[in-house]
Each structure stands twice: as structure tokens, then as C-alpha cells.
Amino acid sequence: MISRTFGEAFAKEWIEAWNSHDLDRILSHYADDFAMSSPYIARIAGVASGTLTGKAAVRAYWAAALEKMPGLKFDHVQTLIGADSITIYYRGVTGMAAEVFFFGPDLLVHRAAAHYE
């Protein structure tokens, strides 16, 4: 079970990591073989499924995104706690967004899905 304490601490660190634009810090939250789903992966990376698997693939995608958006900043709104997951609701560069993170027993993200308005 994910505790509120862990969920809030994760959300705070995740937002700060993205706002720092430090890709290693961002990726430190994820398992090596995690899967990331986002409609932007389909649109920008041209991956029809909208899903990338593994840190190497996601690193390349996120590095390109950070380069294209040097002013990227996330503002935390709310964290929702599930049994083995959390959802971070935040304001991003294109409006409101929510990301759902599914954790393994190691408390690293093994699957994540981004949602945008």
C-alpha cells in the first residue's frame, strides 16, 4: 500500500525534479524497464501506441522535450493516493495535467500514464 506520506513526498520531489530540468534526477524515480504512456509520445515521437518502454527510450524522448521547452515548469495542485499508485494533478505548460504512477515493491515507478486537457 502507498502511504499518504510517501505519495506526498514523491509528488513534491517529482515536481521539483521536472522543474530542475535534471534528466537524471527525473529518471531516478523510475525502474529501468518502466513503461510510459502519453498522447504526446504518439504525436511528437511518432510511436502509434503512445507508449515507450525502458529508461533509454524515455530518456531520449524527454531530453528532446526539455530541449524544445526550456521554460517548462509544473505547478503541483493535488496528489491522489491509490493502493499501489498515485496520481499527481498539476498545471503544466499546456494546461492542466494528471499523471498516474504505478509502483513496484521497490517503490520505483514501473508504469506511468500522462493525461492532458
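In plain terms, the chain from Ala63 to Met96 could stretch by 9.7 nm, reckoned as 0.36 nm per residue minus the Cα-Cα distance.
Quick one: compute the contact order of the chain, relative version, from alpha carbon pairs under 8 angstrom and 6+ residues apart, as a percent. Mind showing how you got there, number by number?
Values: 193 pairs, mean separation 31.7, N = 117.
After rounding, I find 27 percent.
Which value results when the Cα radius of gyration for the chain is divided by 2.2 N^0.38 Å?
0.99
Extension gain, Glu13 to Val47: 0.36 nm times the residue separation minus the Cα-Cα distance gives 9.4 nm. With both residues required to sit in the chain, DSSP beta bridges show an antiparallel share near 85%. For Ile81 and Arg4, the difference between the fully extended length at 0.36 nm per residue and the C-alpha to C-alpha distance is 27.1 nm. With neighbours defined as other Cβ atoms within 10 Å of a residue's Cβ, the residues Lys68, Lys12 order from fewest to most as Lys68, Lys12.
Read-outs: derived from the displayed coordinates by stated rules, not from any lab. Given the structure is predicted, the values throughout are model-derived calculations rather than measurements. Note that we place each Cβ from the backbone using ideal geometry, even for glycine, and neighbour counts take in every protein chain shown.
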